[in-house]
Amino acid sequence: MAPARLSKSLLGSFRATSLRPATARQQCCYHSYEYTQPPPFPPAESAILSAAISHVPSYGFTSNALKLGARDAGYLDVSTNLLPRGVFDLINYHLVTQRLALKDSVQFPPQDQPGTGKKLGVGAKALAIMAQPSYVPTSVAELARLADEIWFLAGDASVDTSWYTKRASLSAIYSATEVFMTQDRSKNFAETEQFLDARLEDVMKVGGFLGAFGEWMNYTGHSAVNVLRSKGVRI
Amino acid sequence: MQASRSLLSRQLLREVRQGVAREPYRCFSCTVRHAQQQPPPPKSPQDAPGTTHFGFETVAEAIKEQKVRGVFSSVASSYDTMNDLMSLGIHRLWKDHFVRNLNPGRNPLASTSTPTSTPGSASEPQGWNILDIAGGTGDIAFRMLDHASTINNDAHTRVTVADINPDMLTEGRKRALSTPYARSPRLKFIEANAETLDMIPSSSIDLYTVAFGIRNFTHKDTALREAFRVLKPGGVFACLEFSKLQNPVLDAVYKRWSFGAIPLIGQVVAGDRDSYQYLVESIERFPSQTEFRDMIKEAGFLVPGQGWEDLTGGIAAIHKGVKPIS
C-alpha cells in the first residue's frame, strides 16, 4: 500500500516538473535538447561587449577596446561601468561566446579523434588577468564548462567516474597548451600543435595504463576472493 | 598637555551629564541599549503620509530638510577631521576606490587614434560632464578632476558640485583654493536640492555621483527619478553610501562602534553630539543593498551585475545604475 502511494506521489512530482511552464527560467546544468538556454548576457551588456570584441585585434583586451565598443553601440565612455569587472568581463564574453559557437564550428567524421579544430586562445595578457585571485573562480568555472562542452561535442556519454577524470585531464591539457601557446613564436602555432599532440598522447598512455591496471586489479581481486571461497571461507 | 587633557575630560564629563539631564535616552551608555532594544522602525520609506524619518525620529516631511540642513551646517567645519576619526581614515580609501573604478575622463590619446571614429565625434564636447550631488566639501569632485587630468590626460572633464547646504559649499570653495581647479571653468559650485534640479537640463550629464548623501534625502525615489532625467542615455548613476554589514559578528562590533563611539567622538571633537547621533541613526535607517538596488531599478536604470559592490564587508557600498539608450 505504502510503496504504491510513494511511487504514485513520485510520479506526480515528475509530472509536475515536466509540466512546469517553459517560460519559467529553466536552469539546466547539463546539455539538454529540450530547453533552450537563456542568452548568457543581458542585451545592453551584450551590445557593448560584442562591439568591443571587434576592437580587440587592434587594442587587445583593454579598457580602451571596451570604451570604443561602448561608443560603437551608441553608449558613452562612462557606460562601461555597466560591466562591473571591466576588462575581465570582455575576456569572459569572448570565452563564453567562443564556447557556445563551438558546436556550430566543429565538424569531425565519426570514429575520429576528438579535435576542436578551432583556436580559442586569448593571449598572455588576458591569461594574466584571468589569473588574478578574484577572477580565478570564474576562470576555472569557464574552463570546466569548456572541457565539458568539448567532451559533449566529441560524443562522450560516460556516466562513471571517468566523466570526472576525462574533464579534469582535458582541462589540464587545455590550460597547459594555452600557456605554451603564449610563448610560441612558430608559424601557425605549429609547435603548439605538436605540444598538444604530445600531451594528448601522454593522456592516452597514462589513461591506458590506468585502465589496464584497474582491469588487472579487478581480475586479481575477484580471483583471490573466488580462491578463498573455494577453500570454504564465507565471503 | 596634562592640563588640556584634564580640561577635555572634565568638559566631556559635563557634557555627558548635561546630555543625561536633557534627554534621558540620548546618553552614551543608553544609546547602545536604545539601539539594541528598539528595533529599527518598519522599513517602509514613510511611516505615515506627510511624515518621514530623521534618524530614528519621525518628523514631518517639511521639517526634515531643515533639520538635515542644521546638522550639516553644524558639522561643516570639522567634517574632514570627524570623517577620519569615525571611519579610522577608511573613508578616504572608499572615495579613492569609488573614483578610480568610475575612471572619469576621456583619454584624448585613445579617442584620436580611433580607426573607426564615428562622424560627428569631433563636434562632440570633450571630456565628461559630471554632477556631484551632496558633494559640498568637494571630496569627490577634486578626486574626479585629479583622476581625469593625471590618469586620463583629460583637461576638459568638468564637475558641477551641488549641495543643498550653503555652509558645506563654502567649505568646499575654501578647499578648492588649494587645488588647481579653484578658478578654472572645470569646477562649479551650485546650491541645489537633488529632488528638483531645474537648473540642469535633461540628458546633459555623463556621470551623476552622490557620496554619503542620499540617505539624507527626504524623497530618495524622487531624487533617483531626477537623476534619471538629467543623465544622458548611457550615463551612469553612482552612489557611495553606508550600507548593511553581511557578517553578523562584524555587524555587532560595528553597531557598538557606531552607536557607542561615533556620537562620543562627535561630542568631544566637534562639540555636537546630536548631529552625529543623527548620522548613525540615519545610517541604520538606510535601506539594505538589495532594497536600494531595487529602488535604482525602479527608477528605470539598468544595474551592472548584482547591482552593488560592498566595501569593507558592507559598511559602505557602491551602487551603480546605467540609463538605457532609447
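Against the numbered list (1) crowded, with 21+ Cβ neighbours inside 10 Å; (2) part of a loop (DSSP other than H, G, I, E, B), residue B:201 comes up short only at (1).
Of all the residues that make up segment B:243-258, how many are buried (at least 22 other Cβ atoms within 10 Å of the Cβ) and either modelled with pLDDT of 90 or more or charged (D, E, K, R) (or both)? Break it down into steps so the answer makes sense when it comes.
Let us first name the residues in segment B:243-258 that are buried (at least 22 other Cβ atoms within 10 Å of the Cβ), namely B:243, B:258.
Then drop every residue that is not either modelled with pLDDT of 90 or more or charged (D, E, K, R) (or both), which leaves B:243.
Residues flagged as buried (at least 22 other Cβ atoms within 10 Å of the Cβ) and either modelled with pLDDT of 90 or more or charged (D, E, K, R) (or both) within segment B:243-258 amount to 1.
For first residues located in segment A:69-82 and on the phi > 0 side of the Ramachandran plot and buried (at least 24 other Cβ atoms within 10 Å of the Cβ), partners that are modelled with pLDDT of 90 or more and part of a loop (DSSP other than H, G, I, E, B) and lie 6+ apart or on another chain with Cβ distances below 7 Å do not occur. Inside segment B:269-303, can you point out the residues that are more than 14 Å from chain A (Cβ to nearest Cβ) and outside any helix (DSSP H, G or I)? Result: B:271, B:272, B:286, B:287, B:288, B:299. Checking A:230, A:186, A:162 one by one, the residue that is modelled with pLDDT of 90 or more and small (Gly, Ala, Ser) is A:230 and no other.
Quick one: which helices (runs of 4 or more DSSP H) sit completely within segment A:56-107 and have at least 2 residues that are more than 8 Å from chain B (Cβ to nearest Cβ) and modelled with pLDDT under 85? Let's see the steps before the verdict.
On the way: elements: A:56-59, A:63-72, A:87-105.
In segment A:56-107, the matching helices (runs of 4 or more DSSP H) lie at A:87-105.
Beta carbons closer than 7 Å, at least 6 apart along the sequence or on distinct chains, pair a first residue in segment B:304-322 that is more than 10 Å from every other protein chain (Cβ to nearest Cβ) and part of a helix (DSSP H, G or I) with a second that is small (Gly, Ala, Ser) and surrounded by 21 or more Cβ atoms within 10 Å (Cβ to Cβ) for B:314/B:243.
What number of residues in segment A:194-215 are in contact with a helix residue (DSSP H, G or I) (Cβ under 9 Å, 6 or more places away or on another chain) and under 27 Å from residue A:127 (Cα atoms)? Matching residues across segment A:194-215 total 6.
Just checking, does segment B:201-219 include any residue being in contact with a helix residue (DSSP H, G or I) (Cβ under 7 Å, 6 or more places away or on another chain), more than 19 Å from residue B:320 (Cα to Cα) and of a type in the set (Phe, Trp, Tyr)? No - not one qualifying residue is present in segment B:201-219.
Answer yes or no: is there a residue in segment A:227-234 that is small (Gly, Ala, Ser), free of Cβ contacts under 8 Å to residues at least 40 places away in the same chain and in a loop (DSSP other than H, G, I, E, B).
Within segment A:227-234 (the criterion being small (Gly, Ala, Ser), free of Cβ contacts under 8 Å to residues at least 40 places away in the same chain and in a loop (DSSP other than H, G, I, E, B)), the answer is yes, since at least one residue qualifies.
Inspect segment B:58-78 for any residue being in a loop (DSSP other than H, G, I, E, B) and either away from chain A (no Cβ under 14 Å) or modelled with pLDDT under 80 (or both) and give the result as yes or no. Looking for residues that are in a loop (DSSP other than H, G, I, E, B) and either away from chain A (no Cβ under 14 Å) or modelled with pLDDT under 80 (or both), one finds none in segment B:58-78, hence no.
The values are calculated or read from the model by the stated rules, or taken from the named source; none is laboratory data. Note that this is a predicted model, so its numbers are computed, not measured. Cβ atoms come from the backbone with ideal geometry, glycine included; neighbour counts cover every protein chain shown.
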